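The values are calculated or read from the model by the stated rules, or taken from the named source; none is laboratory data. Note that this is a predicted model, so its numbers are computed, not measured. Here the Cβ positions follow ideal geometry from the backbone for every residue, glycine too, while neighbour counts run over all protein chains shown. Quick note on the areas: whole protein, heavy atoms, side chains included, nothing else; ligands and nucleic acids left out. Shrake-Rupley method; radii C 1.70, N 1.55, O 1.52, S 1.80 Å.
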Amino acid sequence: MVREEIESLRAELHQHNYNYYVLNNPTVSDVDFDMKMQHLSDLEKQFPEFFDPLSPTQRVGSDINTSFTQIKHEYPMLSLANTYSEGEVQEFYQRVAKLLNEDFELVCELKYDGTSISLIYENGKLQRAVTRGDGEKGDDVTQNVKTIRSIPLMLHGEYLQKFEIRGEILMPWSVFDEINKEREEQEEPLFANPRNAGSGTLKLQNSSIVASRKLDAYFYSLLGGNLPFASHFESLQSAKQMGFKVSDAIKVCKTIDEVFEFIRYWDVERKNLPVATDGIVIKVNNFEQQRGLGFTAKSPRWAIAYKYQAEKALTRLNSVSYQVGRTGAVTPVANLDPVQLSGTIVKRASLHNADIIEALDLHIGDMVYVEKGGEIIPKITEVAFDQRFMIGEKVQFIKNCPECNSELIRYEGEAAHYCPNESNCPPQIKGKIEHFVSRKAMNIEGLGTETIALLYDNGMLHNVADIYTLQVSDLAKLERLGNKSAQNIKTSCDKSKEVPFERVVFALGIRFVGETVAKKLAQAFKNIEALESADFESLTSVDEIGERIANSVINFFSDENNIEIINKLKEHGLNLAISEEQQQEITNILEGKIIVISGTFSHHSRDEYKNMIELNGGKNSGSVSSKTSFLLAGENVGPEKLKKANSLGVEIISEDVFLQMIKKDFSESNENKDDKNKDDEIKKTTHNQPIMGTLF
């Protein structure tokens, strides 16, 4: 009876996934879906003997790292012959007509710009997912592919008993933009395009991160012995019926004019698609005719890929300037005559590094082609050598920092040049201060980019430690500031001394040490002295700390200037150790709990509550779902979060109840009394929904 219920729920949820992610036509609400998913998850935990690796509950991925094994393709994954010319498409058509000497049809479909994948199904179940690799063998990425919700784990209706299907795994533009925004905030290199980001995601060894990236997939080819189809188009319609996401942008063409009509239509319309495309694939439709045409050594004779030219514009290179970032990385930027490209006016383009400048053979005054294509940053792709007449000097990458004149260095294995003068190079100093005062670091209000530059230019800031020597009287004298602004800055500086140790570690700006790594380091070493003296072995023994981060930490603390600044921060009273109170706060009370925070609070900030949750073994989440353990609700709690929590029966607790739960700021003797009083108060602000006082 239980087994039947579990299997029925799985089948229903697979269908709902298909309706939502493939058909884009959900038939149940998110709440109903989440409740069914939670019920299935509960049953599977209660009856582990009915575990199924293809259950809908397994799509969230795992934190367990696994290495990829190499799998040989049963059918080699060959490349298609490419062309950018309609004339060569015409030649392909004439060549096929001559070889076949009979009527034939062509199928035109979009060429998705993603990562090729091969899926094997047996008896309606996904068995294996393998990347293209070298065409003969690829990596087994089955666990990661299971997290992609548009890929069916179980097939629908009538299906083939055993077959292979191929397609492209893609990162939607919206997800790509979101990830790059996060990377930019952390001063990490941006992904150039969704293809690179998607490919890198698919090869991550943590499938839970893959699940969070919301990859998508489209399929375009069925393979197998004795397939019951006469044509490629027919096979794709069957794939649709089995539950695969197959593009509707497919057309059977009887003439070359119809092919060109398709190509020209999608050259414009593809820009409105949610995923990246870079061309059109043209295939002979009939499978018997495909077999007759056969293959060359590298590609099939019955197909060709027409690739769209990336949108580009011709303009003049006027100069090259160089920007210095917080880490000292020097980025060359081309300054151009303004030109319109992809709907925007482009005046500057990244040149990335010295190698790219050399490869382009750039000279000042050159006419250059600038492209966007699938890239987010305009770039120079080539020089119009036929227009090179009155040119200036050859562009040579600078040898000295444009800001402080220090000789640049280039680390082995890196393309960028760096200014090593961290302590005296103005952009690096100001960049480090901006990072130090940012919200997720020391959270010092009033010190924005312009104010920091003003203080630096007036000799009041030389490093992050100087922040704590600022005086209200001195600040108030400066342009654009006044007594009120000066007092606010001073008050915020003083308050920042309460910031916990892990955020101070993050604020120091150690290269490659983001928020998560800073927490790991703080919890592992407990104080700045231990972190300062940590060797390579002890650093790499910490979870998520690899060779690159370990070396960066060691290099940071080997710099006497950094040690001097840290000593000054000690004198100013910053938290450079996990206090005994904090260490006592580290518990497993919330282990396994997923908690959503919403509203404003009186005792602590939202970030402080997030930190408390992590210190007590819980996990923070930004949205309410069936997996949410409880909603920590303050005043003005988000109405949508509250509504969903009520719909799902998710526990809603107050700020005071939470603090009692982790035994912070409240005594045991007053617990019941305060609990009742605060429950009554919260009920008024949450439309009389009951607030639970405990989790267990």
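Residue-wise test of (1) in contact (Cβ under 8 Å) with a residue 12 or more places away in the chain; (2) assigned to a helix (DSSP H, G or I).
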{"residue": "Gly392", "(1), (2)": "yes, no"}
{"residue": "Glu403", "(1), (2)": "yes, no"}
{"residue": "Tyr411", "(1), (2)": "no, no"}
{"residue": "Asn424", "(1), (2)": "yes, no"}
{"residue": "Ile429", "(1), (2)": "yes, yes"}
{"residue": "Glu434", "(1), (2)": "yes, yes"}
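Picking from Glu393, Glu407, which residue would you name as being open to solvent by 70 Å² or more (accessible area, probe 1.4 Å), at pLDDT 90 or above and in contact with a Pro (Cβ under 9 Å, 6 or more places away or on another chain)? Before the answer, list the steps.
Values: Glu393 fails: in contact with a Pro (Cβ under 9 Å, 6 or more places away or on another chain).
After applying the criteria, what remains is Glu407.
Return the pair list, or none, for Cβ contacts closer than 6 Å from residues in the stretch 348-374 that are open to solvent by less than 20 Å² (accessible area, probe 1.4 Å) to residues that are part of a helix (DSSP H, G or I) and hydrophobic (A, V, I, L, M, F, W, C), at least 6 apart or on different chains.
Listed by first residue and then by second, the contacts come to Leu351/Ile357.
Residues of the stretch 504-531 being open to solvent by less than 50 Å² (accessible area, probe 1.4 Å) and at positive phi, which ones?
Gly509 - this is the single residue of the stretch 504-531 that is open to solvent by less than 50 Å² (accessible area, probe 1.4 Å) and at positive phi.
Scan the stretch 188-235 for residues that are touching a residue at least 40 places away in the same chain (Cβ under 8 Å), open to solvent by less than 60 Å² (accessible area, probe 1.4 Å), among the aliphatic types (A, V, I, L, M) and not in a loop (DSSP other than H, G, I, E, B) and jot them down.
Matches in the stretch 188-235: Leu202, Val210, Ala211, Ala217, Leu222, Leu223.
Need pairs with beta-carbon distance below 7 Å; first residue open to solvent by 50 Å² or more (accessible area, probe 1.4 Å) and within the stretch 597-608, second outside any helix (DSSP H, G or I); sequence gap 6+ or separate chains.
Listed by first residue and then by second, the contacts come to Thr600/Gly634; Thr600/Glu635; Thr600/Asn636; His603/Asp665; Arg606/Ile597.
Name the residues in the stretch 244-303 that are in contact with a strand residue (DSSP E or B) (Cβ under 7 Å, 6 or more places away or on another chain), closer than 20 Å to Asn101 by Cβ and not polar (S, T, N, Q), would you?
Matches in the stretch 244-303: Cys253, Val259, Ile282, Lys283, Val284, Phe287, Leu293, Arg301, Trp302, Ala303.
Just one of Thr331, Thr327, Thr315 is hydroxyl-bearing (Ser, Thr, Tyr), over 30 Å from Gly167 (Cα atoms) and in contact with a His (Cβ under 8 Å, 6 or more places away or on another chain); which is it?
Numbers: Thr327 fails: in contact with a His (Cβ under 8 Å, 6 or more places away or on another chain); Thr315 fails: in contact with a His (Cβ under 8 Å, 6 or more places away or on another chain).
Just one listed residue meets the conditions, Thr331.
Does the stretch 237-265 hold any residues that are part of a helix (DSSP H, G or I) and open to solvent by 40 Å² or more (accessible area, probe 1.4 Å), and which are they?
Applying the first criterion (part of a helix (DSSP H, G or I)) to the stretch 237-265 yields 237-242, 256-265.
Of everything in the stretch 237-265, those that are part of a helix (DSSP H, G or I) and open to solvent by 40 Å² or more (accessible area, probe 1.4 Å) turn out to be Gln237, Lys240, Gln241, Asp257, Glu258, Glu261, Arg264, Tyr265.
Given the residues Leu106, Leu99, Leu110, Leu78, which is the only one that is hydrophobic (A, V, I, L, M, F, W, C), open to solvent by 60 Å² or more (accessible area, probe 1.4 Å) and within 22 Å of Lys307 (Cα to Cα)?
The match here is Leu78.
Give me the pairs, please: first residue somewhere in the stretch 471-489 and free of Cβ contacts under 8 Å to residues at least 12 places away in the same chain and among the hydrophobic types (A, V, I, L, M, F, W, C), second residue anywhere and open to solvent by less than 90 Å² (accessible area, probe 1.4 Å) and part of a loop (DSSP other than H, G, I, E, B), beta-carbon distance under 8 Å, and either six or more positions apart or on two chains.
Ala476/Gly482
If you take the residues in the stretch 447-503 that are open to solvent by less than 50 Å² (accessible area, probe 1.4 Å) and among the basic types (Lys, Arg), which one is nearest to the chain's Cα centre (by Cα)?
The residue in question is Arg503.
For Leu590, are the conditions met, namely being modelled with pLDDT of 75 or more and either under 21 Å from Glu502 (Cβ atoms) or touching a Gly at 6+ places or on another chain (Cβ under 7 Å) (or both)?
Numbers: modelled with pLDDT of 75 or more: yes; either under 21 Å from Glu502 (Cβ atoms) or touching a Gly at 6+ places or on another chain (Cβ under 7 Å) (or both): yes.
Taking the combined requirement at face value, the residue satisfies it.
Which of the residues spanning the stretch 614-657 are touching a Lys or Arg at 6+ places or on another chain (Cβ under 9 Å), of a type in the set (D, E, K, R) and either over 18 Å from Thr600 (Cα atoms) or loosely packed, with under 15 Cβ neighbours inside 10 Å (or both)?
Across the stretch 614-657, the qualifying residues are Glu614, Lys619.
Within the stretch 345-359, how many residues are in a strand (DSSP E or B) and small (Gly, Ala, Ser)?
Of the residues in the stretch 345-359, the ones in a strand (DSSP E or B) are 345-350.
Now restrict to residues that are small (Gly, Ala, Ser): 349-350.
Counting residues in the stretch 345-359 that are in a strand (DSSP E or B) and small (Gly, Ala, Ser) gives 2.
All but one of (1) over 30 Å from Lys379 (Cβ atoms); (2) in contact (Cβ under 8 Å) with a residue 24 or more places away in the chain; (3) in contact with a helix residue (DSSP H, G or I) (Cβ under 9 Å, 6 or more places away or on another chain) hold for Pro172, so report the exception by its number.
Tallying (1) over 30 Å from Lys379 (Cβ atoms); (2) in contact (Cβ under 8 Å) with a residue 24 or more places away in the chain; (3) in contact with a helix residue (DSSP H, G or I) (Cβ under 9 Å, 6 or more places away or on another chain), Pro172 fails exactly one: (1).
Considering only residues that are more than 32 Å from the chain's Cα centre (by Cα) and among the aromatic types (Phe, Trp, Tyr), which ones fall in the stretch 226-263?
If the condition is that a residue be more than 32 Å from the chain's Cα centre (by Cα) and among the aromatic types (Phe, Trp, Tyr), then Phe229, Phe233, Phe260, Phe262 are the ones that fit.
Does the stretch 519-546 hold any residues that are more than 22 Å from the chain's Cα centre (by Cα), among the acidic types (Asp, Glu) and at pLDDT below 90, and which are they?
Residues of the stretch 519-546 more than 22 Å from the chain's Cα centre (by Cα): 521-542.
In the following step, the residues that additionally are among the acidic types (Asp, Glu) were identified as 529, 532, 535, 537.
The answer is none; no residue qualifies.
Has the stretch 332-347 got any residue that is among the acidic types (Asp, Glu), in contact with a strand residue (DSSP E or B) (Cβ under 9 Å, 6 or more places away or on another chain) and farther than 30 Å from Met77 by Cβ?
Here is the first cut: in the stretch 332-347, the residues among the acidic types (Asp, Glu) are 337.
Cutting the leftovers down to in contact with a strand residue (DSSP E or B) (Cβ under 9 Å, 6 or more places away or on another chain) gives us 337.
Subsequent filtering for residues that are farther than 30 Å from Met77 by Cβ retains 337.
Yes, because at least one residue in the stretch 332-347 is among the acidic types (Asp, Glu), in contact with a strand residue (DSSP E or B) (Cβ under 9 Å, 6 or more places away or on another chain) and farther than 30 Å from Met77 by Cβ.
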